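Okay, so here's the structure we're looking at.
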Amino acid sequence: MTDQLANYSLIAVYSAIAVYALAFILFTLDLSRRSVEATRAADRREQAAVAEASGGGTAVLVRPAEPEPRPAPRYLRVAIALTWLAWIIHLAAAIARGVAAGRVPWANMFEFSLSATAVIIGVFLLAQFWQDLRYLGAFITGLVTVWLGVGVVGFYVVVAPLQPALQSVWLVIHIIVAVLGTAFYALGAGLSVLQLLRTRRANGGLPRARFLDTIPGPGQLEDLAYRLIVVGFVFWTFTLIAGAIWANAAWGRYWGWDTKEVWTFVVWVLFAGYIHARATRGWRGTRSAWLAIIGFSAVLFNFTIVNVFFKGLHAYSGL
Amino acid sequence: MSRSRSEPTLSDPARPSDHFDQVEDGASPAGPSLGPLGWARWIWRQLTSMRTALVLLLLLALGAVPGSLFPQRSADPNGVVQYFRNRPDIAPVMDALQLFDVYSSVWFSAIYLLLFVSLIGCIIPRIRHHLKAMRTRPPRTPARLERLDHHLVEQFVVPADADRSEELSRIIGVAEQQLRGSLYRVQRYDGRGAWSVSAERGYLRETGNLVFHAALVGVLVSVLAASGFTYTGQRVVVEGTTFVNTLSDYSSFNPGRFVDTAALQPYSLTLDSFDVTYEMPGSPGAGQAGNFAAHVTIREPGQTTERSETVRVNGPVSFGGERIYLLGNGYAPTITVRDAEGAVVYQESQPFLPQDSMMTSLGIIKVPDGLPEQVGLVGFFYPTRGVLDTGASASVYPALVNPIVTFNVFAGSLGIDDGTPRSVYTLDTSGMTQLTGADTGVAGIELRPGESAELPNGWGTVTFEDISDNDAASEPVRRFASLQIQRDSGAPWVLLFAALATAGLITGLLVPRRRIWVKAIATDPYPGGLLARIEYAGLARGEDPQLASVVQRIRDDHLAALATELPNDAAKENTP
């Protein structure tokens, strides 16, 4: 029964990877399509700017022309639909794995990869109801496809019972908030990458990346990234505190500079730096975007390199 | 984002001058002409600037990294010893750079202390300013609201027969009521041909911000203050034996500077039994422990009642301010050594330290007296012995299925006669001769429970006792538990400040702080009355992505309220 469920889960993971890969291709095609459409969009914006300028300071009725909503092209609509489909398969895989193991599906690196990527996609999809972030699709589905692929190939372990050190309610709390923090950081970092590209194009670089003209400007990307990262930072703070409470119960101290603790702290400080950078003259913009990217790289480093190659108490990869 | 660089009333004097919201004053004092006081002020301003805080934060992140690359004495002392052994050439250099004690190093301490000085220097003026701001009314309405990024204008016609000033005052009064109802703090500024309400909300943002930073200081102070009174001790307790809470009974003890080690809480703790379950062979995770439970009895002097407790992983036992943790476990085979005449010269249940997850364990037996020479036995214990592909023995399952102990015998000097303290878990063989195993040509000793073997040279015998023979034990080998006993009175304070910091963080980041102005100005004559202009403007103080829509909503609500309240008095005019 357990083996069978775990096998179904694994098949679902492979299917989800395939569908995510397909969605990634379509998101990328959409970006290249945008480059073709970019010229038309530029014209529209020029007209809007003219209208705004002629409005002056007193007229009531003349308001800046709303940017004409671009009807979602077929590629993008299909890519989003595929991402939803893959996510449902993905969730089924995570749930089957959890049922097979009789516990939360994030007790080793494979399961963590499975659940963390599910949350990243979930946050990405649900964020669409708040803001149109579909232009991040290629970044997010690409990241998740690779992460899940590495998880299955490099980190897969069979279902095994929890070791005593992990038998704690904090396994649920500590990891959920860590994963949520990771998901918000991932979206923020993706936006920061686009912000850098967008800035570069605005300064005359990247002549062929015309799709960048179809996404929001660098200032707006930065605002969106900031708002997502701030939420991620709150979750990350919870992660640190929940981890410390758990460590105090399991290891007899709340903080011991274990390698994983060190890197979680480093990530926290980097994003604290990001938040300060945004409020510091001369650091807003490109520099703070780099900090967001470095911070998220540290999150990935913390999960992969630190877990596998560094010696420490958080040795739960199951490898 | 709405920022105005030129309105002097809009910037916040208590903030560092390079804060994004601050007006660049261009007159930063610098230069060699400054006196000592001027220099001190200049250095202080540099230290409390945003840029310095940011650089110190990034340095802190960078400075923490080496602690994960090099073994730390605090977390992994054996790793440090090993590093010295493997890299004797560079290890002293690394040590001189304090790379094995990163988190107590001079340079790491310098970074975080400077950071906290900068933080305190930054928040104290801001706390003072904020306390004042919370008591003062919202500031005077700026003369030119149209310079703000979020600015909307509507026009009204005030009928000729109406009292102009009463009418406009009433219109602003409606906005004032609405803003107050939305929890804004409001202040009317009427006069000189303009009627306006100035409103501000979100003081909680700055409060949260300040609470967050102050709570971080609280966390640091709690950690530093408590470290002097914290102690941690480790002790290995074999089943059936008792540990007394005195310094001499610990195998290692790390007291803070102010701990009175002579006055530890008096109690004794007996390990009655140690339970462990392992996953069955052949199942996934075979040999992995399912649960550990150390059943202990705690007795206090002068009290007849005993407390029976179970210490588990993740489940420490609290006892009078101390917490008892289960950190590890293993086997303690009972070994008896007899001399040639059969007299017992050694009998102990000696803990053997596990070397791998299948509990292949290493232990040392030291017999200083009673035999012709001092004898040391280097033993391996295998709860379930198997043979690896390499031909070496190893335990293949952690429970007692096929328990075997093997010994190699060394004779000579144990190195303890001069009083040098020696670990009971290592044998210094430099002054000893190996008598069995390796190149000696004599096979090592191998024993199952209940078996005995001759020592070399006819010196006597060694026996692996089967304790299930003669006492109530159900297993042939005793187990031990490795317990950690600690007191950390600072931990609740750290938790309290961490919780405060989180609460402050959430309000400081997510509560928007903004100023809103609604202003009415009578302008030109108009057919049938006078044209009045109503302006709505908003200013974000800190991040406020919703501001544009908030200004719009305030405008819409205001217009809707006017439409119901003033259907005839003032007709809204959309076409100027």
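Only residues of region B:482-502 count here: report those whose backbone N is under 20 Å from the spot 7 Å along Cα→Cβ of B:S423, or say none.
Residues passing the 20 Å test: B:482-485.
If you take each beta carbon of peptide B:502-511 and count the beta carbons of other chains within 10 angstrom, what is the mean?
Whole-number average of other-chain Cβ neighbours for B:502-511 is 3.
Given labels modelled 7 Å from the Cα in the Cβ direction, how far is it in nm from B:I90 to B:D556?
6.4
As an exercise, use a Förster radius of 45 Å and the Cβ-Cβ distance of A:R74 and B:L327 to find the FRET efficiency, rounded to the nearest 0.05.
0.15
How far apart, in nanometres, would the label points at B:T440 and B:L247 be if each is projected 7 angstrom from Cα along the Cα-to-Cβ direction?
It works out to 4.0 nm between the two label points.
Which is the longest part of chain A that has none of the chymotrypsin sites (Phe, Trp or Tyr not before Pro) sitting in a DSSP loop with at most 14 other Cβ atoms within 10 Å?
A:131-319
Given the -39500 (n - 2.57) contribution per DSSP H run of 4+ residues, what per-residue ellipticity at 222 nm results for chain A, rounded to the nearest 500 deg cm²/dmol?
That comes out to -25000 deg cm²/dmol.
Determine the order of A:H90, A:H314 by accessible area, beginning with the largest, at a probe radius of 1.4 Å.
Most to least solvent-accessible, the answer reads A:H314, A:H90.
Counting only other chains, and only Cβ atoms inside 10 Å, what mean value do you get across the residues of A:267-279?
6
Can you give me the Rg/Rh ratio for chain B, using Cα atoms for both radii and the Kirkwood formula for Rh?
Answer for chain B: 1.23.
Note down the relative contact order for chain B as a percent, whole number, built from C-alpha pairs under 8 angstrom at least six residues apart.
Relative contact order of chain B: 18 percent.
At B:E373 and B:L224, where each label point lies 7 Å from the Cα along Cα→Cβ, what is the point-to-point distance in nanometres?
Distance between label points: 5.7 nm.
On a full-extension model of 0.36 nm per residue, what is the gain between B:L362 and B:S283, subtracting their alpha-carbon distance, rounded to one decimal in nm?
25.7 nm
Which trypsin sites (Lys or Arg not before Pro) in region A:124-224 pass both tests, a DSSP loop state and at most 13 other beta-carbon atoms within 10 Å?
A:R208
Looking only at Cα atoms, what is the convex hull volume of region A:65-151 per residue, in Å³?
Given the Cα convex hull of region A:65-151, per-residue volume reads 90 Å³.
Find the centroid of the Cα atoms in region B:278-315 and in region B:513-559, then give the distance between the two in whole Å.
Spelled out, the Cα-based centre of one part sits 69 Å from the other.
Radius of gyration and Dmax for the protein assembly as shown's Cα atoms, expressed in Å?
In Å, with Rg to one decimal and Dmax whole: 35.7, 131.
Which loop-located trypsin sites (Lys or Arg not before Pro) does region B:198-292 contain, where loop means any DSSP state but H, G, I, E or B and the Cβ has at most 10 other Cβ atoms within 10 Å?
Qualifying residues, ordered by number: B:R257.
Run lengths n ≥ 4 of DSSP H only: what is the helix-derived mean residue ellipticity at 222 nm for chain B, with -39500 (n - 2.57) per run over all residues, to the nearest 500?
That comes out to -9000 deg cm²/dmol.
To the nearest 0.05, how large is the calculated FRET efficiency for B:L113 and B:D161 if R₀ is 51 Å and r is the Cβ-Cβ distance?
With R0 = 51 Å, the Cβ-Cβ based efficiency is 0.10.
Say R0 is 45 Å: what FRET efficiency, to the nearest 0.05, do B:R137 and A:A202 get from their beta-carbon distance?
Given R0 = 45 Å and the Cβ-Cβ separation, E is 0.60.
Would you tell me the accessible area of A:E222, worked out with a 1.4 angstrom probe on the heavy atoms of the protein chains, in Å² to the nearest 10?
20
How high is the relative contact order of region A:2-318? Use alpha-carbon pairs under 8 Å, at least six apart in sequence, and give a whole percent.
20
To the nearest 10 square angstrom, what accessible area does A:I11 show with a 1.4 Å probe?
100
With a 1.4 Å probe and all protein chains in place, put B:S489, B:S74, B:S268 in order of accessible area, largest first.
Highest to lowest solvent-accessible surface, that is B:S74, B:S489, B:S268.
Could you put B:K519, B:K132 in order of accessible surface area, largest first, with the 1.4 Å probe and the full protein assembly present?
Largest accessible area first, the list is B:K132, B:K519.
For a paramagnetic label modelled at 7 Å from the Cα of A:Y14 toward its Cβ, which residues of region A:132-165 fall within the zone defined by backbone nitrogen distances under 12 Å?
Residues A:153 qualify, since their backbone N sits under 12 Å from the label point.
Mind grabbing the accessible area of A:R284 for me, 1.4 Å probe, Å², rounded to tens?
Approximately 60 Å² for this residue.
Report, to one decimal in Å, the Kirkwood hydrodynamic radius for region A:2-318 based on all distinct Cα pairs.
21.2
The values are calculated or read from the model by the stated rules, or taken from the named source; none is laboratory data. All figures in this text were calculated on a predicted structure; none of them were measured in a lab. FYI the Cβ positions are ideal-geometry reconstructions off the backbone, even for glycines, and counts take in every protein chain you see. The area values use the complete protein model at the heavy-atom level, side chains included, leaving out ligands, DNA and RNA. Shrake-Rupley method; radii C 1.70, N 1.55, O 1.52, S 1.80 Å.
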